[in-house]
Structure formats: structure tokens, C-alpha cells
1. Report, as an integer, the average count of C-beta atoms from other chains found within 10 Å of each Cβ along B:323-331.
2. For residue A:216 and residue B:314, FRET efficiency with R0 = 41 Å and r from the beta-carbon atoms, rounded to 0.05?
3. Which residue, B:299, B:212, B:290, has the most motion in a Gaussian network model of chain B that connects Cα atoms within less than 10 Å?
4. To the nearest 10 degrees, how steeply does helix B:79-88 sit against the main Cα axis of chain B, on a 0 to 90 scale?
5. Express as a percent, rounded to the nearest 5, the fraction of DSSP beta bridges in chain A (both residues included) that run antiparallel.
6. Which of these, B:317, B:398, B:407, has the largest mean-square fluctuation under a Gaussian network model of chain B (Cα springs below 10 Å)?
7. For the residue pair residue B:125 and residue B:162, what label-to-label distance in nm results when each label sits 7 Å from Cα along the Cα-to-beta-carbon direction?
8. Pairs of Cα atoms under 8 Å, at least six residues apart: use those to get the relative contact order of the stretch B:142-244, whole percent.
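The values are calculated or read from the model by the stated rules, or taken from the named source; none is laboratory data. Quick caveat: nothing in here was measured; it's all calculated off a predicted structure. Backbone-built Cβ (ideal geometry, glycine too); neighbour counts: all protein chains shown. When the accessible area is computed, the model is the full protein with side chains, heavy atoms only, and any ligands, DNA or RNA have been set aside. Shrake-Rupley method; radii C 1.70, N 1.55, O 1.52, S 1.80 Å.
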Protein chains: 2
Amino acid sequence: MLNTLFLPELREMLEHNSAEELQEFCTALNPGRTAEYMEGLTAAESWQVLLHAPPGLRAEIFEYFDLDRKLNILNFEDTTEAANLLAELPSDDRVDLIQELSESRVVDLLALLPASERRDIRRLQSFAEGTAGAIMTSEVAKLTEDLTVRQALEELSKQAEELETIYYIYVVDQDDRLRGIVSGRQLISALGNVESRLSDLMETDVIAVLPTDDQEAVAERVERYNMLAIPVVDQGRQLLGIITHDDVIDVVREELTEDAQRIAAVAPLEESYLRINLVRLGWKRGIWLTILFFAALLTAFALRQYDQELETYTWLVLFIPLIISAGGNSGTQSATLVITAMTSGDLSVRDWRTILSRELVVSCMLGSFLASLGFVVSLFVAPDSASAMVIPITLLAVVISGCMVGVTLPLIFKRLGLDPALMSNPFVAGIVDILGIVIYFNVARAVMH
Amino acid sequence: MLNTLFLPELREMLEHNSAEELQEFCTALNPGRTAEYMEGLTAAESWQVLLHAPPGLRAEIFEYFDLDRKLNILNFEDTTEAANLLAELPSDDRVDLIQELSESRVVDLLALLPASERRDIRRLQSFAEGTAGAIMTSEVAKLTEDLTVRQALEELSKQAEELETIYYIYVVDQDDRLRGIVSGRQLISALGNVESRLSDLMETDVIAVLPTDDQEAVAERVERYNMLAIPVVDQGRQLLGIITHDDVIDVVREELTEDAQRIAAVAPLEESYLRINLVRLGWKRGIWLTILFFAALLTAFALRQYDQELETYTWLVLFIPLIISAGGNSGTQSATLVITAMTSGDLSVRDWRTILSRELVVSCMLGSFLASLGFVVSLFVAPDSASAMVIPITLLAVVISGCMVGVTLPLIFKRLGLDPALMSNPFVAGIVDILGIVIYFNVARAVMH
């Protein structure tokens, strides 16, 4: 839904170079909304508009542009202005953008940045993708513990301009080691006693992460301890940066999307569906399709063992897809429920007894129901009502074993330290398909011989 | 992973009723960590410990207990103390807990609460599950616009005790109508000029939601505009409360988990897997298994049309499961990729041309690869190499049509305003299975006649 409300006016302002009006446009609205109103402009036009905003706000509005627009501006607009913009961007987002620019452009831009900013960029670039270091920002409200509340407020009002938001105030010693945290609420509560020291106010039991920690572990902590931001410290407790709530939401979203993709047997894309290279997409899907292909191939071999039954009772063939899909669907349901419940922390491997017994009850219910449906149908197809019993008995057994395999495999993979979402589906599908065939024809043998 | 580090000490302190030490235990650590150390205690024991914490902190630690422990305490501990605890809890969480208590207990507890709190509870209870109203909290830092910065800070330091965290300061007029927002950062930046008024500092273009808005729409806005908290206002812009970042993370998690469950053809549980009633679980799964059963039943009817081929070329039967699963798997992959990309905002229905053409390329790659694998296998099984061609041709056609159906259906459902995650899988499975059978036997006819 492109927002075209202000487009004609904006174009006109640009044409007449109406500085005052453009400035008004940039400052009047919430920065996110301002960015939305510019979606219909070209990247170059929106940059012309942005130049009328003060540098801090300019960066803020720029942050809401989509990736293509951002890269267009950073790649093709005036180098000095682009470097100024980079200097204003939050350090974590800046590094992500730089990774996407052409190498020669990066050299040009970095040359125009102050040495301290260059160092900051290089340091953040050194952390591997998917770690705490790669998503942290180095802009932190950092104060030393010997300050009084009065001094702290003065110092903060100086720092405030450069900081995105003041989530917490991080209290450090002379060597930049994290000693405690003071929340904005605590600081304001202490206004009645402005001579008290930060070291008296601060909470000293600080939950922090290492820059090498996995980003999912970071998100888990932030959620568990209900934090707005989590500090990142090195082994010596030196404060390196913070990870803010918006990055945590991104991590949660990424993690769960990857889970859904893994459950559907796609290696996680890690990129936008529309931007990913097609060969890479083919690879990420092909590898699992191939594994699943070989799993399904085993059903062909299994079927071969029953060629006599197949020839004598040709009507059994008609129900092969039905039997296999009933097992596969109930298995996938079970596996998905266990996987999503483990991801959200609702259950863990040590609950396995409860899980298995609950699943046994549910699968008997589901199996009996499908069996009774299947019986009605098979009465019309089977030569006699005794043979018709093959279908319901098979369905009941297949659904129960599908569910049991479906809940067991994710638990086993989790227990072995493997990703349950990644491994379960192909194995569940493979095992349940073959089980389906084996059960089907053995039931047929038993009933009809 | 139960944390048993302090358990023996805690039990000993309780036995000797060592008030000082218990108080020290409650206050020394981060509240979340304190709660973790109590996981090994019974609910009654942990409540005995908590009674040594000051009321505000007591509620904070209590918040980190799991649901069972919370309900145990609220249900069975001293009514007056339990009511005091309720009064301290954040208003949104309090309402969720009250919903789970026995009716007579709720009456007893509410009777002990101040009238204003009772009114607040009743008001929050009136909002339907899944709406903004149901997840908002009514504790807000609210100030009137005519205050100066100095007055605002004084007022805030009075309010601060009762507020969880000060995310933003909401500026209202005499009728409690939301006029603007001042961030903590802005307030602190303005310390140099304490006589300036809030009305000069505040941002007036405030993004807000209605209490009846869907919670997913709320999360989407908070993410899009990168907010710590979003205000909830009524039609007349009266400020009712705020929704904070932790609730937004919960919504995102819930939404994506439901997506994964829907993709696996389970109606979203909306409850913990271990707590949900088994009959309800059976229903949520059974309804889709039944639909999928009837879809699979159609394959039996389709197969019946080809009984002549089945009798003449019995070897074709061996590959039925393989063909069906190749189509089903590639279709599920495509559907899941499109669904997750739409949920995360990466693509929308208007990208359909790009999606279809990209999918055509990828499915040709995947289909050709599986076809070549299938050809090698079928050479061993088929009576002659000409007949063996049936398998690769079918695989290629089935994978391509599986992928195309897989991407098309979610787009269509989205376009129709239906939930693509809910509807796609059964339809994709059903259509692709039948397509598989039809393609298979028509290819067989064409090649072998």
C-alpha cells in the first residue's frame, strides 16, 4: 500500500526548491511516517528531501527506508553527505549497510569518517553473523560509579544527543568494566536526593552476554528477564555495547521463521525470499528434496516385497496414497507441536513421559475416528466386509505410529544436541511412509489369508 | 535445568525463620534470578521467602514464577497478603491471572482491593482476547502539557515508584486526551532549560492504536515504527494505557508459532501443549486430519480411473508413493516460503509475477534433478528403457506443478482476505496428490501405448 498522499506536493516543493516547506515536511511528523510518505519518490528525490532535515533527524528518517533505497543513497549520492549520514546512523545498522556496498565506495566513505568511528565499524565487523557482537550497538549511556545523581544528569544531557534512546544507564569503573545498572525510573526517583552517588543507586547483579554468544541465547535472556536492552561485555566484564529490544524482536522473528522453514524441509534462507539467488534457493530446497526422495524410494522397495498381495488384491492399491498421507499428516502434526512447544520453552526433553502418554491418548482418538471413516469407504470398494476391515485397522495403527514417531524423533534429536526442527520432518516422513506400507500389507495378509 | 544452588540454605533459613538472611536473599540479586533460585521450593515455601521482600520487589520477583506457582500462591495463601500482591502487579498480567482463579476466590480478593483498582481490573477484563485492550497496561507516566520540565521531573519522581519502567512520558490535556510524547532522552536533554514546557518539547505526531485493534496489527506498528511502547487511545484520543515491548515480543512469538502450526495443519492451540485439554487437542488436529483424509480419498477415486494401466503395468504401483511425496514436498516448501515471507513483510500479493517466475525457474531445476535420479532408479525396475522414461517425465511435471500450486494458493487466499497459513496446506496437499496421480498415469499412457 504505497502512501501517495503527499507525493504531488513533495515533487512540487522539490521542483521549486522550497527549502522552508521541505524542512517543515521533514520535522512535522513522526520520522517513520515521514519515510512512508516518501515511498513513492525515487531514491535520489527522497535524498533531496532529506537534505532539508537536521543531521540527527535525517538519519532517523533514513533508518525507515527500505534496503534498496538506503543502498541507492549510500552508493550514488554525494560522498561527503553520505559519510555524514553514516556517522549519524546507529552503529549496528551502519555495519549491516556497509557490508552491502561496493568495496571501492566503502573505502571512499570510510576515509571521510573520524578515526574513532572507523575503529568502531571495524570492531563490529569482526563479530560473526548470528552472534551477540554482530547485533549490538556501541552507543551506550555510560557513566562512572563515583558520579552523583546531579553530575550524572548533567553528563547524560550532554550524551543524550548522540544516543538513540536511554534505556538504562550503565555504570562502569575507570577501566570501563560494567559494575551496575541504573534505570531511568531509579534516576528520576532519586531526584529528591541529587547528591547520592550512582554506586548507591545501582543494581549490581547485572545480566549480560558475551559478544560471541549466540543471538538466540541473547533473545532468550532478554525475554526471560524482561529487559529493554542487554549489555554485552567481554571476558573481563568490559562493556562493549548493548543489544536493544528491536534487535531482539528481529531475532525472535528470524528464529521462528527458520523453524517454520525447517519444518517444511527447507534449509533456512537467511535472506529475503525475493532477493535470494535462485541457485542458492534451489540448493537449500534441493538438498532436502533429495533426502526425502531417497526416503520415499524405500517405500518402492517395501512395496516390492508385497507383489503377490498387490497382484491378488488389486483394490488395495487404491488406498496406498490415503494410508501414507494419514500417517504422514498425523506425524507432521505431532512433530510440529513438539518442536514449536520446545522453541517457545513450553516443554523440554525431561517431559517425555507426559508427552508420550498424552500423544498416545490423542492418537487413539484420531486414529479411531479416521478408521471409522475409512471403514465406511472401504465397504464400497472391498470385495467383502471382512476384507474391508483391512482399511480401518491399518488406519488406526498408522495414525498411532505416525504420532508416536512424530513426537519421539524431535525429542531424540534435541537430546542429542541436534536441531529438532531441522532433522525431524524428513525422518518422520521417511519412517512413517515405510511403516505405513509395512503395516498395510501385513494387516492385509493377516485378515485375508 | 533446575537451579538448586541455594536450595539447602534457603530451606534452612526458612526453618530457622532467619528474617534478615531471607531479606538479604530477596534483595541482593536481579529479581529474575532470585525467582530462578526458588524454583526448587514448593509454592508455599517460595511465598514464605517472598514475604521478606518489600511489596514492590515482591511483585517483581513473583512475576518471574511460572504460572502454576503463581496460581498456587494466589489461590491458597493468606487472602490479605494475596490481595496486596495483586495490587502491586502490572495491570495487564493481573487480569490474566485473575481469569485463572476460582470465582469465589476472585470475589474474596477483589473485595480487599481499593475501588480504583477494582474498576481498572473490570475495565481491562472487558476487552476481547487478542485485542490491544487485552494486552495493555494502565500504568503510564502521564503528565499535563502545561507543566515545565522542572515540574514534570518532580511529578515523575512521585509517580516513578508505581511505574514498571518509564518508557516515554505521555502528555495529555485536562480531559486526558493524548497530545504528545516526550522521550526520556528529550527530557534529560532539556535539563539545561528546566523552565521550558512539555508542550514545547513533545512530539505531536503520535502513533497510537485503539483498544479494539488486533494484537498482530499492534505488533506490526511497534516493529515498523521501532517503539518501546505504543499508547492505546479510545475514539476520542483519550489515553487508556500502553502496550510494552515485552508484550509485543509475546505477540510476535504467538503469531509465528501459530503460523507454523497452521502450516502443519493444526488449528492453533492458543494454549501450552502440556496444559491443553486432550479432547480439545484432538479436535484441533482431527478437523484438519479429516479434511486431509477426504482430500486423500480423492486420490483413491483418481486411481480407480486407471485400473487398466494398474493391471497391465503393475510396476507402476511401486512408484506411486514416491511421485506423490515428491509433489507434496516441493509444494509444501513453496507454500511455506511464501507464507513465512508474507508474515515477515518480505513480500506481498502484488509481487506475484516475480514470485511465479522465480518459482518456475527453481522448480525446473529441482524437477530436472529429481527426474534424473528417478530415471536411474526406474531403469532397474521398468521392463525397458522406453517405459522407464515415464518416471522422470512424471517427476519433472509433478515437481513443477507442485511448486506452482504451492506458491499460488497462499497468494490467492491472502488476496481473498483469508489466512494463507491456515488454508494452504490441505489444499496444496489435496490438489498436488491428485495432480500427481493424473499426471503419472497419463504420462504412462502416452509413453507406453
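1. Whole-number average of other-chain Cβ neighbours for B:323-331 is 6.
2. E between residue B:314 and residue A:216, to the nearest 0.05, is 0.20.
3. Comparing B:299, B:212, B:290 in the GNM, the peak value goes to B:290.
4. Once rounded, the angle reads 80 degrees.
5. 80 percent
6. So, out of B:317, B:398, B:407, the one fluctuating most is B:317.
7. For the pair residue B:125/residue B:162, the computed spacing is 2.1 nm.
8. 27 percent
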